[in-house]
Amino acid sequence: MFPLDAPPDTSAYMIAGYAVFFIIAAIYIVSLLVRWRNINQDMTTLETIEKENKLKAEKASKPKKQKTAKKK
Amino acid sequence: MQSKPSALKILDVASVLALAVAIYLALIYAPEEATMGQVQRVFYFHIATAWVGMLGFVAAAVAGIAYLRTQNPKWDIAEVAAVEISAVFFFITIVLGSIWARPIWNTWWTWDPRLTTAAITELIYVAYFMLREGVEDPDRRARFGAVYTLIGSLSVPITFFSIRLFRTIHPVVIGSADPSATGTFAMVPGMQVAFFFALFAFTVIFIDLFWNRIRMGQLAAKVEQLKLNLMH
Amino acid sequence: MAATVHYPTTNASFLKATLAVTWKDLAAEFRSRELFSAMLVFSLLVILIFNFALELDIATRQTVTAGVLWVTFAFAGTLGLNRSMAVEKDRGCLDGLLLAPVDRAAIYFGKVISNLVFMLIVEAIVVPVYSFLYNVNLFNAGLLLVILLGSIGYIAVGTLLASMAIQARTRDVLLPILLFPVVVPVLIAAVKASEGFLTGSDFSTIYSPLSLLIGYDVIFIAIAFMVFDYVVEE
């Protein structure tokens, strides 16, 4: 019926849309990776502290055994 | 922490590939729409991200109810993962919806039911995280999270219907009465391929992100437990 | 942590416990009147602010009255809820109540009724004042019904969320943030129904929002009643 006009040039908005998608997705993925790394670091730190505590606990119990041995 | 299961590694790769194909289909394969021009291509990802948002929404609701019934922390971890992913993807949906609306209707925001409900859901998610932030006891935090998830997941559908039924503010339409005035357009087969593949690809992406985020939550829970043990 | 405890109660003792909680709140408030005066003054100030913020000429008033009223009620309601639950926590009343051998749900209903009474009293004063200041006749049975139903829904969800909010660090600020997004359907339906009654619309247009309001009230009272245990257990 009516002569078809060319569609309007809205490609700028299309680019903006996809750019937004990638930027937000990238920010989210990066935040996941950073948080994952932090948790891993926390884990290793805590495990080290736990080991040190165990060693200290073992050392603390040793001198008592030597003293009782001497008395006898 | 055990190393990443190989199924998950494969899923990671599959997600990236699926996304790449979806982008190709949306940007190159699908034909240009007659009345709106190139911006219509945003629609494929707008709907697909909304779909992921809804998957997360439902997953969170299920996890919340499951936690209240079983008190098992794994459901709490799943719930947080679901809410987080849904929050990110609904945000993308809203921004893309805004970008799509601007050249079509000459406005950045339309108070249509779907967009408005998505915005309200975002606010509920923000409130959810603020609630959790403010509670120190992990058990109580999980319970409160589950209760609020339940309240929110019931409220949101009711909100959607009440806006649709009772708020008749029409979007601003500048220009002639063409089909794009209501944001509808006829989907030719090329577009349908892009549309449905985008939904499929983003479903894969959702599962991948969800699984990864749950693993992270499990590790975080172990760390928190270890911290509590060592503080004594 | 433990499974929720349900004490064996008869209907009579449940009702007794509920009314006891309600009476405690009402009696305490009757003596001090701090909550009530705060809510009332706040509401009147909000109405005043609306006068300066919006150009409420006679034509606009007709369309905007329902909205202004409900915004006022929503904000004043938050004030009341915060104070009501904070007092429980601060004076250790909540712990005392929890030790008593009553079903937790009775505590919930008791608080809901007392919070509702406070809100209704404030509304009962605000409505005539608005009527007087803006020369709009608000003595409309339908409007009063909507105010009642809307307040019930608001308070039902609000009491549950307030019980959580006061246990968090960010207490006062948290309640409106938690409450407003989930209470949107109440606001939408209440404003629509209020407008309908005020403009004398055909009942067929009012029926829909009114039934949504009733539906919301029923659903959320039921849900809150079921999950309240999880919110207050130690």
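The values are calculated or read from the model by the stated rules, or taken from the named source; none is laboratory data. Keep in mind it's a predicted model, so treat the numbers as computed, not measured. Cβ: placed from backbone, ideal geometry, glycine included. Neighbour counts: every protein chain shown.
Beta carbons closer than 9 Å, at least 6 apart along the sequence or on distinct chains, pair a first residue in the range A:11-37 that is under 20 Å from B:L96 (Cβ atoms) and within 7 Å of chain B (Cβ to nearest Cβ) with a second that is polar (S, T, N, Q) and in a helix (DSSP H, G or I) for A:S11/B:Q38; A:Y13/B:Q38; A:M14/B:Q38; A:M14/B:Q40; A:F21/B:T49.
If you go through the range B:198-207 and keep only what is surrounded by fewer than 20 Cβ atoms within 10 Å (Cβ to Cβ) and not aliphatic (A, V, I, L, M), you end up with B:F200, B:T203.
In this structure, B:A59 does not qualify as more than 13 Å from the chain's Cα centre (by Cα), modelled with pLDDT of 95 or more and under 18 Å from B:L209 (Cβ atoms). From the list C:R61, C:R104, C:R83, the lone residue that is farther than 21 Å from C:E34 by Cβ, among the basic types (K, R) and either without any contact (Cβ under 8 Å) to a residue 60 or more places away in the chain or buried (at least 18 other Cβ atoms within 10 Å of the Cβ) (or both) is C:R104.
Here the condition is being more than 29 Å from B:H46 (Cβ to Cβ) and either more than 8 Å from every other protein chain (Cβ to nearest Cβ) or at pLDDT 90 or above (or both); of B:R114, B:R143, it holds for B:R143 alone. For the range C:134-182, a tally of residues being assigned to a loop (DSSP other than H, G, I, E, B) and either within 14 Å of chain B (Cβ to nearest Cβ) or of a type in the set (A, V, I, L, M) (or both) returns 7.
Just give me the residues in the range B:93-130 being closer than 15 Å to B:A60 by Cβ and not aliphatic (A, V, I, L, M), in sequence order. The answer is B:T121, B:E122, B:Y125, B:Y128, B:F129. Going through C:A168, C:A224, C:A156 one at a time, which residue ends up being free of Cβ contacts under 8 Å to residues at least 12 places away in the same chain and within 14 Å of B:V147 (Cβ to Cβ)? Just one listed residue meets the conditions, C:A168. So, B:W100, is that one touching a helix residue (DSSP H, G or I) at 6+ places or on another chain (Cβ under 7 Å), under 29 Å from B:V42 (Cα atoms), surrounded by 18 or more Cβ atoms within 10 Å (Cβ to Cβ) and aromatic (F, W, Y) or not? It is true that B:W100 is touching a helix residue (DSSP H, G or I) at 6+ places or on another chain (Cβ under 7 Å), under 29 Å from B:V42 (Cα atoms), surrounded by 18 or more Cβ atoms within 10 Å (Cβ to Cβ) and aromatic (F, W, Y). Considering B:V21, B:V39, the condition of being of a type outside the set (G, A, S), buried (at least 23 other Cβ atoms within 10 Å of the Cβ) and either in a helix (DSSP H, G or I) or away from chain A (no Cβ under 12 Å) (or both) is satisfied by B:V39 alone.
I'd like to check something: does the range C:172-186 contain any residue that is closer than 30 Å to C:N137 by Cβ and not β-branched (V, I, T)? There is at least one residue in the range C:172-186 that is closer than 30 Å to C:N137 by Cβ and not β-branched (V, I, T). Within the range A:34-56, the set of residues being among the hydrophobic types (A, V, I, L, M, F, W, C) and surrounded by fewer than 11 Cβ atoms within 10 Å (Cβ to Cβ) comprises A:V34, A:L55. Restricting C:V46, C:V71, C:V117, C:V21 to residues that are in a helix (DSSP H, G or I) and in contact with a Lys or Arg (Cβ under 7 Å, 6 or more places away or on another chain) narrows the list to C:V21.
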